[in-house]
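Asks: Before I ask anything, let me first share the structure, which is written out below as structure tokens.
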Amino acid sequence: MNELITQENEQIVRLLGKLERTLANVEQLTENYRPILDGERYLTDREVAQLLKTSRRTLQEHRDAGRMAYIQLGGKILYRESDIERMLRGNYREAFLHKD
């Protein structure tokens, strides 16, 4: 059991690979982490446009028409995540089956 452990050891290679994958996962989580403010997450118009698969111009049209709640701080537009979810639920339409 007096085996010399080197970087070429199979167990060490596997361990280092797992550590590298774990580090990559942690970096990805911290990159996307946004701390919450009073239990609420706020999203930028760019993030909301990406989530809803729409353009930022379309979001502006929804704001101008009063269909979307938002916060404006200077030139920055923010949306509460809960407002976006509520809007989506409010516009949800059940599917129906049309039988001929």
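The numbers here are math on the coordinates, done by the rules we state, and not lab data. Not measured: the values here are computed from a predicted model. So basically every Cβ, Gly included, is an ideal-geometry build from the backbone, and we count neighbours across all protein chains shown.
Asks: Would you mind checking the tilt of helix 81-90 against the longest principal axis of the Cα atoms of the chain, expressed as 0 to 90 degrees and rounded to 10?
Replies: So the inclination is approximately 50 degrees.
Asks: Cα-Cα pairs above 16 Å in the chain: how many percent?
Replies: When every Cα pair of the chain is considered, 72 percent fall beyond 16 Å.
Asks: Next up: Restricting to DSSP H runs of at least four residues, report the calculated mean residue ellipticity at 222 nm for the chain, -39500 (n - 2.57) per run over all residues, nearest 500 deg cm²/dmol.
Replies: -15500 deg cm²/dmol
Asks: Follow-up. Would you mind ranking Val48, Val26 by Cβ crowding within 10 Å, fewest neighbours first?
Replies: Result, fewest neighbours first: Val26, Val48.
Asks: The chain: longest stretch without exposed chymotrypsin sites (Phe, Trp or Tyr not before Pro) (DSSP loop, at most 10 other Cβ within 10 Å), sites themselves excluded?
Replies: Result for the longest clean stretch: 34-91.
Asks: What is the distance, in nm, between label points placed 7 Å from the Cα along the Cα-to-Cβ direction at Met87 and at Thr6?
Replies: 6.2 nm
Asks: Beyond 14 Å, what share of the Cα-Cα pairs of region 42-90 is found? Please give it as a whole percent.
Replies: The share of Cα pairs beyond 14 Å in region 42-90 comes to 47 percent.
Asks: Under a 5 Å amide H to amide H cut-off, with H placed in plane at 1.01 Å, what residues pair with Arg41 once short-range neighbours are removed?
Replies: Amide H neighbours of Arg41, under 5 Å, 5+ apart: Glu81, Ser82.
Asks: Trypsin sites (Lys or Arg not before Pro), restricted to region 23-59: which are DSSP loop and have at most 10 other Cβ atoms within 10 Å?
Replies: In loop regions of region 23-59 (DSSP not H, G, I, E or B), the sparsely surrounded trypsin sites (Lys or Arg not before Pro) are Lys53.
Asks: Whats the longest run of the chain with zero GluC sites (Glu not before Pro) that are DSSP loop and have at most 11 other Cβ atoms within 10 Å?
Replies: Free of exposed loop sites, the longest segment is 9-93.
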